[in-house]
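Comments concern the structure below.
The values are calculated or read from the model by the stated rules, or taken from the named source; none is laboratory data. Being a predicted model, the structure only gives us computed values, none of them experimental. Here the Cβ is made from the backbone with ideal geometry for all residues, glycine too, and neighbour counts use every protein chain on show. Just the protein is used for accessible areas: all its heavy atoms, side chains included, with ligands, DNA and RNA removed. Shrake-Rupley method; radii C 1.70, N 1.55, O 1.52, S 1.80 Å.
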Amino acid sequence: MTFDWNAHRFSGGVLALDLANTVVFREAPERSQDRFSNRAEVPRFAAAAADFRKGEWGNVEFHSPMSQSEVTKLINIREAINRLFRAAVHEGGLKSEPLSTFLRLGSDLVCDGKGEQMLTLPHASNVGRQLSLAAAAFLSGVRLFEPSRLERIKICPNCHWLYYDESRNRSRRWCDMSVCGNRAKARRYYDRNGKQAGSNHV
Ligand SMILES: [Zn+2]
């Protein structure tokens, strides 16, 4: 069965966080799972992201990495995005070490592509643009530096995904109410009503 890159997988709300969320359960290493451990999922993610992130990017095409070194660059920027914004949530702001790593890797990414990449920060435009998935994720992350955006980044207590809370009073508690919110509700129900046979806490 192929993996489904559905709307739930794009609960991050912006490309940078969606990319970081291709690893599930980041804060529980024994349960952690990397969707890109199957490299065939990378181009499928890139295609789905162009569709789900139209509100952020407009008419865009994300080029998936072709060579092994490009795949490595994508994974490196993914991990840098995760460290930078996870630390920002936990510690209340951008921290120098993860920020420096993020900028250093991003600096390389914007030099790739023989100057042909359209490197304007993401905005919803009908003018078609193309750039590498890794450079796009970097630019999407840069746009989150603005304090009013940074303070909207949260961590889902169920799956540990990073997500951008666009609700008016910043009241969103889960990456996706219909998935993680409901799982937590079910768990509370079982806790209240005693353990039932076969109800393992997944
Ligand atoms: Zn979640």
Among the lysines, which fall within straight-line cross-link reach of Lys54, defined as a Cα-Cα distance under 26 Å, with same-chain neighbours fewer than 8 residues apart omitted? Lys73, Lys114, Lys154
Heads up, region 7-171 by the C-alpha gyration tensor (a ≥ b ≥ c square roots of eigenvalues; a/c under 1.5 rounded, else a/b over b/c prolate, else oblate) looks rounded
Reported to the nearest 10 Å², Met177 has, with a 1.4 Å probe, an accessible area equal to 100
Can you list the residues of region 140-175 with backbone N under 16 Å from a point 7 Å past the Cα of Leu119, pointing along Cα to Cβ? 140-143
Share, in percent, of DSSP beta bridges within region 7-171 that are antiparallel, nearest 5: 55
Rounded FRET efficiency, nearest 0.05, which uses the C-beta distance separating Val127 from Asp51 and R0 of 30 Å: 0.95
Here the FRET efficiency for Arg173 versus Ser37, based on Cβ atoms and R0 = 41 Å and rounded to 0.05, is 0.90
Built amide H within the under 5 Å cut-off of His63, gap 5+: Leu131, Ser132, Leu133
Solvent-accessible surface (1.4 angstrom probe) belonging to Lys95, in square angstrom, nearest 10: 70
R0 of 35 Å, Cβ-Cβ distance Glu91-Ala7: FRET efficiency to nearest 0.05: 0.70
What percent do you get for the relative contact order of region 7-171 when only Cα pairs under 8 Å and 6+ apart count? 32
Per residue, how large is the accessible surface of region 7-171? Use a 1.4 angstrom probe and give square angstrom. 48
On a straight-distance basis, which aspartates and glutamates could pair with Lys185 in a cross-link, Cα separation under 18 angstrom, same-chain partners fewer than 8 positions away excluded? Asp176
Over the chain, with every protein chain in place, what whole percent of the accessible area is carbon and sulfur at 1.4 Å, could you tell me? 51
